[in-house]
Ligand code: ASP
């Protein structure tokens, strides 16, 4: 039997509220031991160890806690007796954590995130099946070498591309235009596609000692958006991700501001407020080729990659290459 360690961080999967109700509950209140005890057959899948690393709503996640989590998983996956790790996490910021871990974990062993949209006290809570299937996936040979993954609603997603697309339904995630990596049928793993972007062992960030990350902020563009927000952000951020319209676009006032702040050393990434598609270099919106295009990353994932990139290099050409490769 394989040995899987569950690292619990809280979220709705550990949430409780009025018996039977699905809304108005407190996330991150139930201990992981109690959640595991409530799941039939889970101990038949793997030899389980559970670690309560945190127990909070995932909106309390921050960069220091990401580093603690990544260091803990790196320590666990180095152990010869550990075959895989499952992380329970709130769904609100799971996409960001999944990508951070995908870039920083130095292991080929499966690491699978999961959570729930309904608290443990709800009628038809979705957490138990999600956790059961995450343990099944983490114990499967087929899961090796895919980087960090996530399981929700019997669907397997990549840590790079998973995004929350619904804040109400239990089927709350997708993987943009890229479908999914596979399905779970009860305990059976069915993989269909592979992630071609660099992750885990091939990621330069997984070889770095993680310390404090450079400050990177996100600014949203909309009709009439005041470009002076960029001056404000530039006061205490080394990098700024712009969530632009269309393919990472903005008006002329924003372009002028970006050009002047970039001359002062601020690194800009152009991402998009549109959920599908790709941001690439653009001669009209970035004539001097100043900005790093976010490729298919969402704004919040582009921020994760920019923080790590700036911790690794100040060379803008190198950062552009990283954004194409990861
Ligand atoms: N607010 C919760 C959290 O992110 C939502 C969830 O887990 O579904 O922790």
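Each value in this text was obtained by applying a stated rule to the coordinates, not by laboratory testing. Only a predicted model underlies this, so the values are computations on that prediction, with no experimental measurement involved. We place every Cβ from the backbone using ideal geometry, glycine too, and count neighbours over all the protein chains shown.
Can you put 203, 154 in order of Cβ neighbours within 10 angstrom, beginning with the fewest? Could the numbers behind the result be given before it?
Details: 203 21, 154 16.
So the residues, fewest neighbours to most, are 154, 203.
Between residue 164 and residue 235, 0.36 nm times their residue separation minus their Cα-Cα distance comes to what? Before the final figure, lay out each step's value.
Numbers: separation 71, 0.36 × 71 = 25.56 nm, distance 3.07 nm.
Full extension of this stretch gives 22.5 nm more.
Can you tell me the orientation of helix 63-78 relative to the chain, as the angle in degrees between its alpha-carbon axis and the longest Cα principal axis, to the nearest 10?
That helix lies at roughly 50 degrees to the long axis.
Could you work out the relative contact order of the stretch 49-117? I mean the mean sequence separation of Cα pairs under 8 Å and 6+ apart, divided by the number of residues, in percent.
Relative contact order here is 38 percent.
Using r as the Cβ-Cβ distance of residue 18 and residue 142, and R0 as 45 Å, what FRET efficiency do you calculate, to the nearest 0.05?
On the way: r = 40 Å, r/R0 = 0.89.
The calculated FRET efficiency here is 0.65.
Would you compute, from DSSP H runs of 4+ residues alone, the mean residue ellipticity of the chain at 222 nm, taking -39500 (n - 2.57) per run and dividing by the full residue count, rounded to the nearest 500?
Working: 9 runs with 92 residues, N = 326.
Calculated mean residue ellipticity at 222 nm is -8500 deg cm²/dmol.
Report for the stretch 205-276 the percent antiparallel among DSSP-assigned beta bridges with both residues inside it, nearest 5. Please list the in-between numbers first.
Details: 1 of 12 bridges.
Once the DSSP bridges in the stretch 205-276 are tallied, antiparallel ones form about 10 percent.
What list do you get for 178, 232, 54 if you sort them by fewest beta carbons within 10 Å? Before the final figure, lay out the partial values.
Details: 178 16, 232 12, 54 19.
Final ranking by Cβ density, sparse to dense: 232, 178, 54.
What is the distance, in nm, between label points placed 7 Å from the Cα along the Cα-to-Cβ direction at residue 276 and at residue 3?
Inter-label distance under the simple model: 4.5 nm.
For residue 80 and residue 317, FRET efficiency with R0 = 41 Å and r from the beta-carbon atoms, rounded to 0.05?
On the way: r = 41 Å, r/R0 = 0.99.
Between residue 317 and residue 80 the formula returns 0.50.
Can you say what percent of the DSSP beta bridges in the chain, counting only those with both residues inside, are antiparallel? Round to 5. Don't jump to the answer; show the numbers that get you there.
Values: 16 of 50 bridges.
Around 30 percent antiparallel, to the nearest 5.
So what is the relative contact order for the chain, in percent, with contacts set as C-alpha pairs under 8 Å and at least six apart?
Worked out over the chain, it gives 14 percent.
Using DSSP, restrict attention to beta bridges with both residues in the stretch 39-175 and report what percent are antiparallel, rounded to the nearest 5.
Working: 6 of 13 bridges.
Of all bridge pairs located within the stretch 39-175, approximately 45 percent are antiparallel.
Grab the Cα-Cα distance for residue 64 and residue 43, subtract it from 0.36 nm times how many residues apart they are, and report the gain in nm with one decimal.
Numbers: separation 21, 0.36 × 21 = 7.56 nm, distance 3.24 nm.
Separation in residues times 0.36 nm, less the Cα-Cα distance, equals 4.3 nm.
Using Cβ counts within 10 Å as a stand-in for footprinting exposure, how do 228, 118 rank, fewest first? Display every interim value, and only then the final one.
On the way: 228 10, 118 20.
Neighbour counts put them in this order, fewest first: 228, 118.
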